[in-house]
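Asker: I'd like to ask you about the structure that follows.
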Amino acid sequence: MALFWRRGKQDKFSTSVLGLDKSIEELKAQEAAVEREIGVRFSNAISKTRDSINNRLDTIFEGRKKIDEALLDELEEMLISTDIGVQTTMQVLDAVRKGVSRQEINDIDALKSVMKQELLDILQNSGKKGVADETSVDAAIKPYVLMVVGVNGVGKTTTIGKLSQRIKNEGNDVLICAADTFRAAASDQLEIWAGRAGVPIVQQKQGTDPAAVLFDALQSAKARNSDVLIVDTAGRLHNKANLMAELEKMKRIAGREVQDAPHETLLVIDAVTGQNGLEQARQFTKVANVTGIVLTKLDGTAKGGIAVAIAKDLNLPIRYVGIGEQVDDLMVFDPENYVNGLFN
Ligand code: GDP
Ligand code: MG
């Protein structure tokens, strides 16, 4: 996991937050401690999925001496039940069959390790279409414009609250733009999060053209010399043509005001909605130029395999995961951590 949101900011972070007197070794030790803590919290968040997988695996292996077709059928059922998707399930089973025929898989541990490797490969190869890392954008470009899109209720506003706190804590000046002007409550809710994070917010009255709010926010970000501008958007999908026109207009304005903006467009997906959420997400990626995924509410499901289905199906990197409703319940997605968390 990356402790620093943007590499260019590392100096500012270490001097302003950690104190000048810390040696590199101390900083590394501190980072390792944070990583351990985060590993534990992440592991807790996906414990429902892990328990479900391990219980089924134990049952499947109970009283069996060899890996035969009947066992593989049960394994298939187990994999499907975690929501990793049909395609991924077939890919994993193929790998397992190969391993069995080569006599490389004789026990449950060898089986787990083959499955882990397949899932890891999928997750690590999923970044090709998107932006896997904010450091890929020239650090001299300011503000870094991050748009957040997705249907209502998936957790966009909450994620923006968590993200702004995190990015701010790592030494960056953050500004929030409330461009979901469709519902009055949206801006109010975002204002509460901004207050909590101690981050300024640009908002206008309900019904204002979202692109106009964004234009305002971009001017304000430049005037304040903000490092990052995070943009909330309306999530309604019932009128796709409108939504597309709106998002496109916003992107055009962002790109006109700041080089290469928006630098990231994060699509928020609610893990609890599983395959249905993925179908909605697919619709969204058709209209918005999505560069990465935030998977929220991973703490609330035993079908946490959906992360793999999303990565494979949308071919986009999962950037962050939400593991609760509190401000620090957001993590940078780490494929290895995730896969280990599912099986260990
Ligand atoms: P929006 O309509 O997309 O802006 O969604 P909101 O940010 O308003 O969130 C909808 C609900 O989901 C709220 O009750 C949030 O507290 C909840 N929520 C968001 N992210 C998470 C998460 O990671 N875990 C859990 N358990 N709840 C979340
Ligand atoms: Mg919202």
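The values are calculated or read from the model by the stated rules, or taken from the named source; none is laboratory data. Just so it is clear, the model here is predicted, and its values are computed rather than measured. Here the Cβ is made from the backbone with ideal geometry for all residues, glycine too, and neighbour counts use every protein chain on show. The protein model used for the area step is the full one, side chains on, heavy atoms only, and it has no ligands, DNA or RNA in it. Shrake-Rupley method; radii C 1.70, N 1.55, O 1.52, S 1.80 Å.
Asker: Within the stretch 55-69, which residues are more than 17 Å from Ala302 (Cβ to Cβ) and not β-branched (Val, Ile, Thr)?
Answerer: Matches in the stretch 55-69: Phe61, Glu62, Gly63, Arg64, Lys65, Lys66, Asp68, Glu69.
Asker: When you scan the stretch 286-318, how many residues do you find that are more than 14 Å from ligand 1 (Cβ to nearest atom) and not in a loop (DSSP other than H, G, I, E, B)?
Answerer: 10
Asker: Same structure, new question: Return the residue satisfying two criteria in turn: it lies in the stretch 222-277 and is of a type in the set (Ser, Thr, Tyr) and within 14 Å of ligand 1 (Cβ to nearest atom), and of such residues it is farthest from Asp133 (Cα to Cα).
Answerer: Among residues in the stretch 222-277 that are of a type in the set (Ser, Thr, Tyr) and within 14 Å of ligand 1 (Cβ to nearest atom), the one farthest from Asp133 (Cα to Cα) is Thr273.
Asker: Among all residue pairs at least 6 apart or on different chains, which show Cβ distances below 7 Å where the first residue, located in the stretch 103-126, is within 15 Å of Ile60 (Cα to Cα) and the second is among the aliphatic types (A, V, I, L, M) and surrounded by fewer than 14 Cβ atoms within 10 Å (Cβ to Cβ)?
Answerer: Once the first residue is within 15 Å of Ile60 (Cα to Cα) and sits in the stretch 103-126, no partner that is among the aliphatic types (A, V, I, L, M) and surrounded by fewer than 14 Cβ atoms within 10 Å (Cβ to Cβ) comes close enough.
Asker: Find the helices (runs of 4 or more DSSP H) located wholly in the stretch 164-271 whose residues include 2 or more that are buried (at least 19 other Cβ atoms within 10 Å of the Cβ) and in contact with a Pro (Cβ under 7 Å, 6 or more places away or on another chain), and list them.
Answerer: Passing ranges, in order: 240-257.
Asker: If you don't mind, there's one more thing I want to ask. Scan Lys222, Lys240 and give me the residue that is of a type in the set (Lys, Arg) and modelled with pLDDT of 95 or more.
Answerer: Lys222
Asker: Are there any pairs, at least 6 apart or on different chains, whose C-beta atoms fall under 7 Å, with the first in the stretch 327-344 and farther than 17 Å from Leu316 by Cα and the second open to solvent by 50 Å² or more (accessible area, probe 1.4 Å) and of a type in the set (D, E, K, R), and if so, which?
Answerer: Val327/Arg196
Asker: May I ask you to verify whether Ile293 is modelled with pLDDT of 95 or more, within 16 Å of ligand 2 (Cβ to nearest atom) and of a type outside the set (Phe, Trp, Tyr)?
Answerer: So Ile293 fails the test.
Asker: In this structure, does Gly153 turn out to be over 23 Å from Asn315 (Cβ atoms), within 16 Å of ligand 1 (Cβ to nearest atom) and surrounded by fewer than 20 Cβ atoms within 10 Å (Cβ to Cβ)?
Answerer: Spelling it out, Gly153 is indeed over 23 Å from Asn315 (Cβ atoms), within 16 Å of ligand 1 (Cβ to nearest atom) and surrounded by fewer than 20 Cβ atoms within 10 Å (Cβ to Cβ).
Asker: For Leu298, indicate whether it is under 17 Å from Asn152 (Cβ atoms) and open to solvent by less than 10 Å² (accessible area, probe 1.4 Å).
Answerer: No, not satisfied.
Asker: Regarding Gly322, is this residue touching a residue at least 12 places away in the same chain (Cβ under 8 Å), open to solvent by less than 10 Å² (accessible area, probe 1.4 Å) and within 16 Å of ligand 2 (Cβ to nearest atom)?
Answerer: Answer is yes for this residue.
Quick grid of which residues meet (1) exposed (fewer than 14 other Cβ atoms within 10 Å of the Cβ); (2) at pLDDT below 80; (3) over 24 Å from the mean Cα position of the chain (by Cα):
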{"residue": "Lys9", "(1), (2), (3)": "no, yes, no"}
{"residue": "Lys12", "(1), (2), (3)": "no, yes, yes"}
{"residue": "Thr15", "(1), (2), (3)": "yes, yes, yes"}
{"residue": "Leu20", "(1), (2), (3)": "yes, yes, yes"}
{"residue": "Arg41", "(1), (2), (3)": "no, no, no"}
{"residue": "Ile46", "(1), (2), (3)": "no, no, no"}
{"residue": "Ser52", "(1), (2), (3)": "no, no, no"}
{"residue": "Arg56", "(1), (2), (3)": "no, no, yes"}
{"residue": "Gly63", "(1), (2), (3)": "yes, no, yes"}
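Asker: Return yes or no: is Gly255 modelled with pLDDT under 95 and not aliphatic (A, V, I, L, M)?
Answerer: no
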